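Undergrad: What follows is a single structure, and I will ask about it in a moment.
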Amino acid sequence: MLELEYEFREQDLLYFNETRLANDLELQKKIRMNRFITPTIMLFFGMFYYFYYADWTTTAYIAALAVAWTFASPFIMRIDMRRQFFKQYSAAEKKALFGVHRLSIEPDCLQERSPGGKHKTPWAEMLRVEKHKDYVLIYVALDAAIVIPRETVKSGDLKAFAKQVEGMIERAA
């Protein structure tokens, strides 16, 4: 059967989590609200301040802050989300997660050997394979996947491996 060896890094974990969040419509709605509604409210306060106190400089500062918030908030939120991703894992979990992984296709399961040990996932429990520009994702649950970065594949043919895994998942379904 086919085998694949690759290295899993922190940036690969970030890619997977950011991809999941980019597809989360509820979170995207909150980000848009934070990006546009908060500055709008700030602008209303600025306009109130201008009409009530006739102070143009303070209104200009508030407007500048609102515009800066509109452009800076997505970057600030992304940095905070990345911090939260890594905060979820202990040092021991990170040590077991990152490093060289070996996947092998068995007739009844996908076997993974990683720094965290051996894991066998039956084909019937797997959902799908997604191919991205730089990654191949093998979903084992709705919110969990085996992330294979194309650039760190050390041995094996990733295209053939992904095609074989797709076939095994379809056969088990």
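Undergrad: So in segment 115-131, with the set limited to residues that are touching a Phe, Trp or Tyr at 6+ places or on another chain (Cβ under 8 Å) and surrounded by fewer than 18 Cβ atoms within 10 Å (Cβ to Cβ), which one is nearest to residue 93 (Cα to Cα)? Full working, then the answer.
TA: We begin by selecting, within segment 115-131, every residue touching a Phe, Trp or Tyr at 6+ places or on another chain (Cβ under 8 Å); these are 115, 126-130.
Pick out the ones that are also surrounded by fewer than 18 Cβ atoms within 10 Å (Cβ to Cβ) and you get 115, 127-128, 130.
Values: 115: 10, 127: 24, 128: 25, 130: 25 Å.
Here the residue is 115.
Undergrad: Return the residue satisfying two criteria in turn: it lies in segment 127-152 and is in contact (Cβ under 8 Å) with a residue 40 or more places away in the chain and assigned to a loop (DSSP other than H, G, I, E, B), and of such residues it is farthest from the chain's Cα centre (by Cα). Walk me through it before giving the result.
TA: Here is the first cut: in segment 127-152, the residues in contact (Cβ under 8 Å) with a residue 40 or more places away in the chain are 127-129, 132, 134-135, 137, 143, 145-149, 152.
Narrowing further to those that are assigned to a loop (DSSP other than H, G, I, E, B): 127, 132, 134, 143.
Values: 127: 18, 132: 13, 134: 13, 143: 10 Å.
Residue satisfying both the conditions and the ranking: 127.
Undergrad: Out of (1) at pLDDT below 85; (2) exposed (fewer than 11 other Cβ atoms within 10 Å of the Cβ), what's the single condition that is false for residue 83?
TA: Only one criterion is unmet by residue 83, namely (1).
Undergrad: Hey, among the residues in segment 132-146 that are among the aliphatic types (A, V, I, L, M) and either surrounded by fewer than 14 Cβ atoms within 10 Å (Cβ to Cβ) or over 17 Å from residue 109 (Cα atoms) (or both), which one's modelled with the highest pLDDT? Before the answer, list the steps.
TA: Taking segment 132-146 first, the residues among the aliphatic types (A, V, I, L, M) are 136-138, 140-142, 144-146.
Subsequent filtering for residues that are either surrounded by fewer than 14 Cβ atoms within 10 Å (Cβ to Cβ) or over 17 Å from residue 109 (Cα atoms) (or both) retains 136, 141-142, 144.
On the way: 136: 92, 141: 87, 142: 84, 144: 87.
Applying the filter and picking the extreme gives 136.
Undergrad: If I go through segment 94-126 residue by residue, how many of them are assigned to a strand (DSSP E or B) and in contact with a helix residue (DSSP H, G or I) (Cβ under 8 Å, 6 or more places away or on another chain)? Working first, answer last.
TA: Going residue by residue through segment 94-126, those that are assigned to a strand (DSSP E or B) are 99-105, 109-114, 117-122.
Now narrow it down to the ones that are in contact with a helix residue (DSSP H, G or I) (Cβ under 8 Å, 6 or more places away or on another chain): 103, 105, 109-110, 114, 117, 122.
Total satisfying the criteria: 7.
Undergrad: Also: May I ask you to verify whether residue 63 is under 24 Å from residue 29 (Cα atoms) and more than 21 Å from the chain's Cα centre (by Cα)? Spell out the reasoning first.
TA: Values: under 24 Å from residue 29 (Cα atoms): yes; more than 21 Å from the chain's Cα centre (by Cα): yes.
For residue 63, the condition - under 24 Å from residue 29 (Cα atoms) and more than 21 Å from the chain's Cα centre (by Cα) - is met.
Undergrad: Among all residue pairs at least 6 apart or on different chains, which show Cβ distances below 6 Å where the first residue, located in segment 153-171, is at pLDDT below 90 and assigned to a loop (DSSP other than H, G, I, E, B) and the second is hydrophobic (A, V, I, L, M, F, W, C) and surrounded by 11 or more Cβ atoms within 10 Å (Cβ to Cβ)?
TA: Close Cβ pairs (under 6 Å, with a partner that is hydrophobic (A, V, I, L, M, F, W, C) and surrounded by 11 or more Cβ atoms within 10 Å (Cβ to Cβ)) amount to 156/4.
Undergrad: Conditions: (1) outside any helix (DSSP H, G or I); (2) not assigned by TED's automatic domain parsing to the domain that holds residue 166. Residue 42 meets all but one. Number of the miss?
TA: Unmet condition: (1).
The values are calculated or read from the model by the stated rules, or taken from the named source; none is laboratory data. Since the structure is predicted, the reported quantities are computational estimates derived from the model, not experimental observations. Please note: Cβ atoms are built from the backbone with ideal geometry, for glycine as well, and neighbour counts cover all protein chains shown.
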